[in-house]
1. Around Glu68, which amide H atoms from residues at least 5 apart in sequence, or from another chain, sit under 5 Å from its own amide H, with H modelled in the peptide plane?
2. Go through (i) 10.5; (ii) 14.3; (iii) 12.8 and flag the label whose value is the computed mean projected area of the Cα convex hull in nm² for this structure.
3. Taking square-rooted eigenvalues a ≥ b ≥ c of the alpha carbon gyration tensor, is segment 93-206 rounded, prolate or oblate, where a/c under 1.5 means rounded and, failing that, a/b exceeding b/c means prolate?
4. Rounded to the nearest 10 degrees, what's the angle between the helix 175-188 long axis and the longest principal axis of the chain, both from Cα atoms, 0 to 90?
5. Can you list residues from other chains, or at least 5 along the same chain, whose modelled amide H is less than 5 Å from the amide H of Asp120?
6. If amide H atoms are built 1.01 Å from N in the plane of the peptide, which residues on other chains or at least 5 residues away come under 5 Å of the amide H of Tyr195?
7. Less than 15 Å Cβ to Cβ from Asn85, Lys/Arg counted +1 and Asp/Glu -1: what total charge do the surrounding residues give?
8. Taking K and R as +1 and D and E as -1, what net charge do the other residues with C-beta under 9 Å from the C-beta of Leu101 add up to?
Amino acid sequence: MRRIVTWCALVVVAAGVLTAVATPADAGSRVQRRAIITFDKNELDPSSSLLTWKVVRRTGDGPWRTVEELSWRAGSGMGGPAGVNECAKGRGWLPDGTYRLRYHRNYHGNLIKGRAFRLDDHRCRNGRWRVQLFIHTEQGLHNTQCADAEGDQVCRWEFPEVNDYASAGCIKLAPDDLAQLGRHFLKYFKAGVRYPKSRVVVRVVP
């Protein structure tokens, strides 16, 4: 049986390595670095799944070593039987597999605004394309929270009064957690670049 993730944010940091950053000597010593973002689905409660950011590096042909690793609560899917069907358009969680991404500091979509990671479109198991896939939160432009009002607002994070971890197919994080993920991404990579999977990869696993 899968464990149920019930915390709002879990940080796993190897002692003494969180602040490690690239140095000018890296290029000359053939340092390789890559990031792996893993979305670990929780079928018992998709809104309490786990997103992990991990950076690994190696010099030359040496072993890969973890530079930093952090995890947060995340959600995907709208709940109910359709919420765990990766082919249910607009309701199901992300299809398993690997994705490329592009980081936006201030995405200007109809529903998704502010910082967001745009993922590749992806075929689900029956061949249907799932499109408009993101790692995002509920906020307005420039990462602002709109004023509180009645009902569920897409420009405001209202959890736990509203289960904002539910998502129409994307991966949802709390605003502070998404901001932390964005800061760590920008330590090693640039916004607006669609990196190859050999540099940055998103893994969606059952």
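Any read-out appearing in this document is the output of simple, stated calculations on the displayed coordinates, not a laboratory observation. None of these values were measured; they are calculated from a predicted model. No Cβ is skipped: glycine too gets one built from the backbone with ideal geometry, and neighbour counts run over all protein chains shown.
1. For Glu68, whose amide H was placed from the backbone, the distant partners under 5 Å are Val55.
2. Comparing each candidate, only (iii) matches the computed number.
3. oblate
4. 20
5. Arg100
6. Counting only residues 5 or more places away or on other chains, the set is Leu101.
7. +4
8. In short, +3.
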